[in-house]
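Chemist: Have a look at this one.
Every read-out reported here was derived from the displayed coordinates using simple, explicitly stated rules and does not represent laboratory data. The shown structure was predicted, so the numbers you read here are calculated from the model rather than taken from an experiment. Cβ sites come from the backbone with ideal geometry, for glycine too, and all protein chains shown count toward neighbours.
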Amino acid sequence: MIPYGRQSISEEDIEAVVTVLRSDFLTQGPVVGQFEKKLAEKISASYVVAVNSATSALHLACLALGVAKGDLVWTSAISFVASANAPKYCGADVDFVDVDPGTSNISIGSLRDKLETAYVSGDRLPKVLIPVHMAGHPCDMKEIFELSKQFGFSIIEDASHALGSTYLDTLTGSCAFSDITVFSFHPVKMITTGEGGACSTNNAEIAAKLQRLRSHGITRTPTEMISRTEGEWYYEQLDLGFNYRLTDIQAALGLSQLSKLSEFIAQRTIVSERYHVELSGHALQLPISFSDRCSSLHLFVVRTTDETGLERRRLFETLRSEGILVNVHYLPIYRQPFYANLGLYNPKDFPGAESYYSTCLSLPIFPGLTEVDQDRVVDVLGKPLGHQTIF
Ligand SMILES: *Cc1c(COP(=O)(O)O)cnc(C)c1O
């Protein structure tokens, strides 16, 4: 079996975890702080707040920006459902922006049109936009940032795929064009902590809010308290928070994994370059790259030329029957029954997402994918396609 993605765990990772198991702290303790500090350095952010998943990170990010009932949040039509679920947890209404089928990232043209249409017709504008860096390929953040100033919304980058990517000489997570950036440390993502996630921000107030919300809304910082502290035992609950804490066990794994991030990306780059060479003669559209940004290469998504979806199904089934666990990232969120049943969304409004969805296929890419296994993927994929040139 060859999965589309998987973790890469070394002996050092295992030792780091075992060291914590022998220590005094298992839940959030000193190692979580070390992990946050190291990640903040790595991505050039002022603050990092680690939590138990990217889903939790997205939820807290929405709360920290004040998202509540009656608010509107927009996200990308193509993403994992968590990008849309997080604002729903806050009671907000969610709408989707169409994607550019070439990158599967938010289309700036669609975003501008949707904002202008809402503005002109006096409809609600989004309070927050959640752009998603699909497959690790950074969105057009400069244009999104400019529109946020014009139309007055905040930005949460969903960088679950994109730790280690760069855009216009900025590191993803440095929040050069956003209020908060969110990462995932699920095993298929760029680095793993088992389950885990984080928010980065340059805003001290947002960081303090995120820290409180991940631990029941409680503060132990006297300057944040409403009353005067009554002693060492005293703490105050200021908001309705959660237990979204990461453990020191997980943070130790994360810290060890983080030291290998550039090596992981180098290995993904080799896999990607080999696919580009080996698949160049086939009737497939390969991932596109831009000179002003560098993808973390979380996914390697090829697209068929047939928009009916039949060709993609044929390839998917052929590869799966050979034990190659290709995948589809993702069904447009508005097609998920939970969202479709709201009766608010019409697939016709999302031609980019529909076109992308009917043609996309994620091939295996991860550090540790062997050349032998990759050659098998290329061989099995090549047979039903034949060697034809499209351009
Ligand atoms: C994986 C993923 C998430 C959720 O991450 P978890 O850490 O599993 O909660 C959110 N958004 C996107 C785009 C993802 O790929």
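Chemist: Residues that are of a type in the set (S, T, N, Q) and farther than 26 Å from Gln257 by Cβ: does region 197-207 have at least one?
Modeler: Yes; the residues of region 197-207 include at least one that is of a type in the set (S, T, N, Q) and farther than 26 Å from Gln257 by Cβ.
Chemist: Can you name the condition, by its number, that Ile108 falls short on among (1) under 23 Å from Pro87 (Cβ atoms); (2) within 15 Å of the ligand (Cβ to nearest atom)?
Modeler: Here Ile108 clears every test but (2).
Chemist: Between a residue in region 76-87 that is β-branched (Val, Ile, Thr) and any residue that is within 8 Å of the ligand (Cβ to nearest atom) and in a helix (DSSP H, G or I), which pairs come within a Cβ distance under 8 Å, given they are 6 or more apart or on different chains?
Modeler: As it stands, the answer is Ile78/Met134, since those pairs meet every condition given.
Chemist: Which of the following residues is in contact with a Leu (Cβ under 9 Å, 6 or more places away or on another chain), over 28 Å from Ile108 (Cβ atoms) and not charged (D, E, K, R): Leu299, Leu325?
Modeler: Values: Leu299 fails: over 28 Å from Ile108 (Cβ atoms).
Testing whether each residue is in contact with a Leu (Cβ under 9 Å, 6 or more places away or on another chain), over 28 Å from Ile108 (Cβ atoms) and not charged (D, E, K, R) leaves just Leu325.
Chemist: Also, I was wondering about something else. For region 304-355, which residues satisfy the criterion of being under 18 Å from Ala283 (Cα atoms) and among the basic types (Lys, Arg)?
Modeler: Arg312, Arg313, Arg314
Chemist: Let me ask something additional. Which of the residues spanning region 1-18 are under 15 Å from Gln257 (Cα atoms) and of a type outside the set (D, E, K, R)?
Modeler: Gln7, Ser8, Ile9, Ser10, Ile14, Ala16, Val17, Val18, listed by residue number.
Chemist: Another question, then. Filter region 95-132 down to residues that are without any contact (Cβ under 8 Å) to a residue 40 or more places away in the chain and surrounded by 20 or more Cβ atoms within 10 Å (Cβ to Cβ) and give me whichever is nearest to Val188 (Cα to Cα).
Modeler: Out of the qualifying residues, it is Asn105.
Chemist: Scan Phe290, Phe264 and give me the residue that is surrounded by fewer than 19 Cβ atoms within 10 Å (Cβ to Cβ) and of a type in the set (Phe, Trp, Tyr).
Modeler: Phe290
Chemist: A follow-up question, please. For region 196-254, which positions are small (Gly, Ala, Ser) and farther than 22 Å from Thr181 by Cα?
Modeler: Ser227, Gly231
Chemist: While we're looking at this one, here's another question. Would region 16-37 turn up any residue that is hydroxyl-bearing (Ser, Thr, Tyr), outside any helix (DSSP H, G or I), surrounded by fewer than 23 Cβ atoms within 10 Å (Cβ to Cβ) and more than 16 Å from the ligand (Cβ to nearest atom)? Lay out the reasoning, then the answer.
Modeler: If we filter region 16-37 for residues that are hydroxyl-bearing (Ser, Thr, Tyr), which is where we start, we get 19, 23, 27.
Of the ones still in play, those that are also outside any helix (DSSP H, G or I) are 23, 27.
If we keep only those that are surrounded by fewer than 23 Cβ atoms within 10 Å (Cβ to Cβ) as well, we get 23, 27.
Narrowing further to those that are more than 16 Å from the ligand (Cβ to nearest atom): 23, 27.
Within region 16-37, one or more residues are hydroxyl-bearing (Ser, Thr, Tyr), outside any helix (DSSP H, G or I), surrounded by fewer than 23 Cβ atoms within 10 Å (Cβ to Cβ) and more than 16 Å from the ligand (Cβ to nearest atom).
Chemist: Sticking with this one: So which residues in region 293-324 are under 21 Å from the mean Cα position of the chain (by Cα), under 14 Å from Ser362 (Cα atoms) and away from the ligand (no atom under 16 Å from the Cβ), if there are any at all?
Modeler: Val302, Arg303
Chemist: Then there is this: Residue by residue through region 119-175, note down the ones that are at positive phi and under 15 Å from the mean Cα position of the chain (by Cα).
Modeler: Ala135, Gly136, Gly164, Gly173, Cys175
Chemist: Same structure, new question: Answer yes or no as to whether Leu125 is in a loop (DSSP other than H, G, I, E, B) and touching a helix residue (DSSP H, G or I) at 6+ places or on another chain (Cβ under 7 Å). Working first, answer last.
Modeler: Values: in a loop (DSSP other than H, G, I, E, B): yes; touching a helix residue (DSSP H, G or I) at 6+ places or on another chain (Cβ under 7 Å): yes.
Spelling it out, Leu125 is indeed in a loop (DSSP other than H, G, I, E, B) and touching a helix residue (DSSP H, G or I) at 6+ places or on another chain (Cβ under 7 Å).
Chemist: Is region 8-26 home to any residue that is in contact (Cβ under 8 Å) with a residue 40 or more places away in the chain and touching a Pro at 6+ places or on another chain (Cβ under 7 Å)?
Modeler: yes
Chemist: List the helices (runs of 4 or more DSSP H) inside region 274-391, counting only whole elements, that have at least 2 residues being touching a residue at least 24 places away in the same chain (Cβ under 8 Å) and polar (S, T, N, Q).
Modeler: 351-359
Chemist: Another question about this same structure. Mind checking which residues of region 68-101 are part of a loop (DSSP other than H, G, I, E, B) and within 14 Å of the ligand (Cβ to nearest atom)?
Modeler: Matches in region 68-101: Ala77, Ile78, Ser79, Phe80, Val81.
Chemist: Pairs under 8 Å by beta carbon, first residue assigned to a loop (DSSP other than H, G, I, E, B) in region 43-67, partner within 12 Å of the ligand (Cβ to nearest atom) and of a type in the set (D, E, K, R), six or more apart or different chains?
Modeler: Asn52/Glu195; Ser53/Glu195
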